[in-house]
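The values are calculated or read from the model by the stated rules, or taken from the named source; none is laboratory data. What you are looking at is a predicted structure, and each value in this text was computed from that prediction instead of being measured. Heads up, the Cβs are rebuilt from the backbone with ideal geometry, glycines too, and the neighbour counts pull from every protein chain shown. For the accessible areas, the whole protein counts, side chains as well, though only heavy atoms, and no ligand, DNA or RNA atoms are used. Shrake-Rupley method; radii C 1.70, N 1.55, O 1.52, S 1.80 Å.
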Amino acid sequence: MTTFVDRVELHVAAGNGGHGCASVHREKFKPLGGPDGGNGGRGGDVTLVVDQDITTLLDYHHSPHRKATNGQPGAGDHRSGKDGQDLVLPVPDGTVVLDRSGNVLADMVGQGTTFVAGQGGRGGLGNAALASARRKAPGFALLGEPGEARDIVLELKTVADVALVGYPSAGKSSLISVLSAAKPKIADYPFTTLVPNLGVVTAGSTVYTIADVPGLIPGASQGRGLGLEFLRHVERCSVLVHVLDTATLESDRDPVSDLDMIEEELKQYGGLEDRPRIVVLNKIDIPDGQDLADMIRPDLEARGYRVFEASAVARTGLKELSFALAGVIAEARAAKPVEVATRIVIRPKAVDDAGFTVTLEEDGIYRVRGEKPERWVRQTDFNNDEAVGYLADRLNRLGVEDELLKAGARAGDGVAIGAEDNAVVFDWEPTMAAGAEMLGRRGEDHRLEAPRPAAQRRRDRESERDEVQREFDDFNPF
């Protein structure tokens, strides 16, 4: 299949946010111009949009890696960086977005439906935005956040009102070509149809779409033939039409057994039991075909099926079939519940909700999880002491230190902020004072120059061990 792809794995990466700028205004006769570093730009989003002109996922099959542009870094003189450009990816109507585990993220039906597959990173603040009455000249800026990157799976499910199902060479493509303006490939050998064909039919005041699903064979629901790849295209259809070949040349087949086999495959696939069925006895223009249709029609009607006889070549029985389908579709549309606009529910966070948790793990590490702490860690330049001190101030104001004390943490215990694969681990110092008044030169924080309690305790233990060893050496005459 070179022109139709209905399932692809797509690797999307949103743009990274631009870094903030740490700059001081320099002008003649103004030695204390103050900070003037601009903010970094926002990274571009990756957005999926339904486009009626797109009918296949072929482009994403050939180019599965898509990335939005990054935000530009800020500059001096209060110049903010340019935002990254959003990447808009058009997808066919009926595309289902899943994650690697098979969980549905979005069901995209209807022109213009959008889904943000990757959120762009937030731009970092420049030192001009970080200045305050207590921190008049910050010597640091915040880093831009990395953009969201993940793997998603796109599956296309045809949006049609009627699905024609049946054995290969049953005449489904011929029927859709005469019922609508569709021009599918037609030949007298099995598996001529390799892709679903869509056509639009007008019957009176009802306009509906009809899909020709590639031929099914026994075992299609388990992956034989083309069935497993295209059975998903009948899920959205309101009516299933069994096209039975009354002029088959195969001695081991007959229309009734073909119907039973297709129904068994639909049952194995699941989820289609409630769809109304219509049976079309095709190719009655052939003498033997008409005789066989007359023979099996009473049996099919006894099973409760509405049976129609048709011939795509002779153009007989098509008008009755199209109007019957229009009536069933009109009933299905009337029974469909009215779609109500989605209500926007706003759930504000509680006033005392800090939005983070502190848990003690088996290895003795206290792990802090939360949107704000993890974002602040990602935006901190750990090569700049003042930036690290600013992070400590923010965590203290958020209440992380109080929660660590409640959890039983002691000075020198390990604390990790973030996920296991990308966490920042440090020795906790609860007595560390907060406040910009303790800062020295720009880019430095004297609070970080004091020895850490954990290191001091190790030195005390080594001193005690050395003292015991000296006493033993003095006591031992040998």
*Would you mind finding the one in 93, 107 that is at pLDDT below 95, within 11 Å of the chain's Cα centre (by Cα) and within 25 Å of residue 52 (Cα to Cα)?*
107
*Can you tell which of 128, 117 is in contact with a strand residue (DSSP E or B) (Cβ under 9 Å, 6 or more places away or on another chain), closer than 30 Å to residue 387 by Cα and crowded, with 20+ Cβ neighbours inside 10 Å?*
128
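Kindly indicate whether any position in region 146-156 is modelled with pLDDT under 85 and in contact with an Asp or Glu (Cβ under 6 Å, 6 or more places away or on another chain). Steps first, please.
From region 146-156, those modelled with pLDDT under 85 are 156; that's our starting set.
From the residues that got through so far, the ones that are in contact with an Asp or Glu (Cβ under 6 Å, 6 or more places away or on another chain) too are 156.
For region 146-156, residues modelled with pLDDT under 85 and in contact with an Asp or Glu (Cβ under 6 Å, 6 or more places away or on another chain): present.
Just to be sure before I move on: is residue 380 open to solvent by 50 Å² or more (accessible area, probe 1.4 Å) and either among the polar types (S, T, N, Q) or modelled with pLDDT of 90 or more (or both) in the structure I sent?
Working: open to solvent by 50 Å² or more (accessible area, probe 1.4 Å): no; either among the polar types (S, T, N, Q) or modelled with pLDDT of 90 or more (or both): yes.
No, not satisfied.
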*Of (1) crowded, with 17+ Cβ neighbours inside 10 Å; (2) modelled with pLDDT of 90 or more, residue 64 satisfies all except one. Which?*
(1)
*asked:* Within region 268-276, does at least one residue satisfy the condition of being at pLDDT below 85, outside any loop (DSSP other than H, G, I, E, B) and not basic (Lys, Arg)?
replied: yes
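What residue, of 110, 76, 120, is under 30 Å from residue 23 (Cα atoms) and in contact (Cβ under 8 Å) with a residue 60 or more places away in the chain? Can you show your working first?
Working: 110 fails: under 30 Å from residue 23 (Cα atoms); 76 fails: in contact (Cβ under 8 Å) with a residue 60 or more places away in the chain.
Residue meeting the stated conditions: 120.
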*Does region 86-107 contain any residue that is surrounded by 18 or more Cβ atoms within 10 Å (Cβ to Cβ), of a type in the set (S, T, N, Q) and in a loop (DSSP other than H, G, I, E, B)?*
no
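For (1) part of a strand (DSSP E or B); (2) surrounded by fewer than 24 Cβ atoms within 10 Å (Cβ to Cβ); (3) touching a His at 6+ places or on another chain (Cβ under 9 Å), each residue gets a yes or a no:
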residue	(1), (2), (3)
8	yes, yes, yes
11	yes, yes, yes
16	no, no, no
21	no, no, no
33	no, yes, yes
37	no, no, yes
40	no, no, yes
43	no, no, no
49	yes, yes, no
_Looking at region 299-321 only, could you name the residues that are closer than 17 Å to residue 254 by Cα, touching a strand residue (DSSP E or B) at 6+ places or on another chain (Cβ under 9 Å) and assigned to a helix (DSSP H, G or I)?_
300, 301
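Search region 270-293 for residues being surrounded by fewer than 20 Cβ atoms within 10 Å (Cβ to Cβ) and touching an Asp or Glu at 6+ places or on another chain (Cβ under 9 Å), and hand back the single one that is farthest from residue 234 (Cα to Cα).
Residues of region 270-293 surrounded by fewer than 20 Cβ atoms within 10 Å (Cβ to Cβ): 270-278, 285-288, 290-291.
Adding the requirement that they be touching an Asp or Glu at 6+ places or on another chain (Cβ under 9 Å) leaves 271-272, 276-277, 290.
Working: 271: 10, 272: 8, 276: 12, 277: 12, 290: 29 Å.
Among them, the one singled out is 290.
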